[in-house]
1. Restricting to segment 80-98, give me the number of residues that are in contact (Cβ under 8 Å) with a residue 40 or more places away in the chain and not in a loop (DSSP other than H, G, I, E, B).
2. Could you run through segment 39-57 and say how many residues are among the charged types (D, E, K, R) and in contact with a helix residue (DSSP H, G or I) (Cβ under 9 Å, 6 or more places away or on another chain)?
3. Would you be able to tell me the number of residues in segment 103-138 that are free of Cβ contacts under 8 Å to residues at least 12 places away in the same chain and of a type outside the set (Asp, Glu)?
4. Taking VAL20 as meeting all but one of (1) among the β-branched types (Val, Ile, Thr); (2) in contact (Cβ under 8 Å) with a residue 40 or more places away in the chain; (3) in contact with a helix residue (DSSP H, G or I) (Cβ under 7 Å, 6 or more places away or on another chain), write down the number of the exception.
5. Does ALA106 meet the test of being farther than 16 Å from THR6 by Cβ, at pLDDT 95 or above, of a type in the set (A, V, I, L, M) and not in a helix (DSSP H, G or I)?
6. Consider GLU66 carefully, then state whether it is modelled with pLDDT of 95 or more, among the acidic types (Asp, Glu), loosely packed, with under 15 Cβ neighbours inside 10 Å and within 20 Å of ASP118 (Cα to Cα).
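The values are calculated or read from the model by the stated rules, or taken from the named source; none is laboratory data. These numbers were taken from a predicted model, which means no experiment stands behind them. Quick reminder, even Gly has a Cβ in these numbers, built from the backbone with ideal geometry, and neighbours come from all protein chains shown.
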Amino acid sequence: MPGPLTRILTAVAPDTVERVRRILAGHELLIVHNIDAAKAILGKEDVGLIFIGARFDESRMFELLEFIRQHIEHRKIPIVAGIIVPTTMSENTIKGLGHASKIYGASVFANLNDFPDDDIGNQRVRLIVDALIAPPEVIPKVQEILGGKAP
């Protein structure tokens, strides 16, 4: 497993937990399903990354992103926001979610439907996560692996 163990606040819908566990295996996951629990963890725990699903707590991803943005002590925590399970949203809607999540402070927006739920697909998502928590000198290598796409 690349990189050291990182404590990750994982704010996702219950039906997405297993996929997220496969992607983030080896890290310490602080899994929450509602915004109050997420805020409580941010108030008392040190986390190295925040992973938020679009359907978190009845689609309150942006509310959590806004909370993080309003608290300066959390602004430097890298955030992966995204869609974890298949969706009927149009490509333009997904692009809009991606743009909006970045405006609200997400480091990366990932549509996990672009990555198969298998060892290779999950490893590619894991590379994005690891790049966000890695020392800066590792990021160019990850970009090379992902075909020049910035994490």
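1. Residues that pass the stated criteria total 2.
2. 3
3. Within segment 103-138, residues that are free of Cβ contacts under 8 Å to residues at least 12 places away in the same chain and of a type outside the set (Asp, Glu) number 9.
4. (3)
5. Taking the combined requirement at face value, the residue does not satisfy it.
6. no
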